[in-house]
Structure formats: structure tokens, C-alpha cells
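Have a look at the structure below, then the notes.
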Amino acid sequence: MPNFALAIHTSSPDLGLAIANFSGESRSSIQNLGRDLSSSLHTHLVEFLSPQTWQDLAFVAVAIGPGGFTGTRIGVVLARTLAQQLEIPLFGVSSLAAVASGHSGTIALSMPAQRGELYTALYQGSDAVQPDAVMTPEQWVEALEKHSIDHRIEVESEQGKYVEGVLAIALQQWKNGDRPSWSEVLPYYGQHPVILTKS
């Protein structure tokens, strides 16, 4: 019976991979691939998966952004393809939620977006108090004034290390009985969602 979960994080130049079984044993790998991400992702994934096999996976989880456009898209497309071919659930996890998952209290997260704007969110654990959104710095300040904030985090560009947060959130949702289809998972770019067709 499949009893492993795989998480993929490609929303920044560093590739994050994590795998765990349902007994709490896990391992992870973070590699800064930069522009080589698209050409070497599959190789790194196959090497990382061993000694487990694709048939050992009960589900896949992927960081859906916000983050780099190309990297996020590559990771989501790969995860959707794996889940579809293996006929297993796919959990799409906010990159900001993955950062927040390691903290307690109300967490305010911001990250540079385009045109001087910010990707923003408020989380308590993995629960969104204010969902991921693009704001101007002024709008973000106004939003923060409406909440009691325990921690403020300015998310750095290297996010692969948060792949374990992606995995932890997905494992909790799995334990809660969630079994999302691969078709439900789309990359988050903050403004105009990109529709991915069946491959």
C-alpha cells in the first residue's frame, strides 16, 4: 500500500524536494539550480525519490506560489502530471503558507512582486486570516493596522527550504480526509490565473 508523500517547491531558484512516510520519517533536499531548473528538475527528482518508487506515493504536494513565474509553473505542471498519471491526490500549497507553518501566532508575510507591489498574506499556522493577495506597500500597512501581529516576515527569494512546510500542510490535510484532484491545482501569480490544460 502506498505510504509516502512527496513535496515539490520550485517557486524560487532553489529546488526543494521532501518525502515522508506516514510514520514520521522524512528527508529533504535543497539545491540552487537557477536557470537549470527546467532542464534538470526531472533528473534531480528521480535521484531524490530513490530508494522509493513512484508506486510508493500516496499523494504529491506542490508549492503553487507566489514566486517566480517560470519556476512555479514548471513545478505545478510536473506535479499535476505526476498525480494524474499515478492517479493520486495533489495538494497545492501557498508558498507563503509554507513559510508561516513553522511559526505560531498571527504571521504577516510579504514578498516583492512586480511594479513595486507586494505579495502579502496573514496566517495563523496554515490557516489564512487574510488570503494571499497583491497589494501596494500602502495597502499592506493599512491591512496590518487591522490585526494584532505576532511576527512579521519579509520572505526572501530563496524558498526551497520551505518545502518541508509544504509537506507538513499537505500531510495535515490528508489526515483530515482531503483528497484533492490534480485538476484543482493551479499556479498562483497574484493577478491573472493561468489555465493549464490537460496534458
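The values are calculated or read from the model by the stated rules, or taken from the named source; none is laboratory data. Just so it is clear, the structure is predicted and the values come from calculations on it, not from any experiment. Quick reminder, even Gly has a Cβ in these numbers, built from the backbone with ideal geometry, and neighbours come from all protein chains shown.
If you go through segment 28-72 and pick out every residue that is farther than 22 Å from residue 170 by Cβ and in contact (Cβ under 8 Å) with a residue 60 or more places away in the chain, you end up with 2. Inside segment 1-36, residues that are buried (at least 16 other Cβ atoms within 10 Å of the Cβ), assigned to a strand (DSSP E or B) and hydroxyl-bearing (Ser, Thr, Tyr) make up a count of 2. Checking segment 28-35 against the condition returns no match, with no residue being more than 15 Å from the chain's Cα centre (by Cα), within 17 Å of residue 166 (Cα to Cα) and modelled with pLDDT of 95 or more.
If you go through segment 47-58 one residue at a time, do you hit one that is in a strand (DSSP E or B), at negative phi and under 19 Å from the mean Cα position of the chain (by Cα)? Yes, segment 47-58 contains at least one residue that is in a strand (DSSP E or B), at negative phi and under 19 Å from the mean Cα position of the chain (by Cα). Counting only strands (runs of 3 or more DSSP E) that fall entirely inside segment 59-144 and contain at least 1 residues that are surrounded by fewer than 17 Cβ atoms within 10 Å (Cβ to Cβ), the qualifying elements are 106-112, 118-124, 127-135. Residues in segment 145-164 that are closer than 24 Å to residue 76 by Cβ and outside any loop (DSSP other than H, G, I, E, B): 153, 160, 161, 162, 163, 164.
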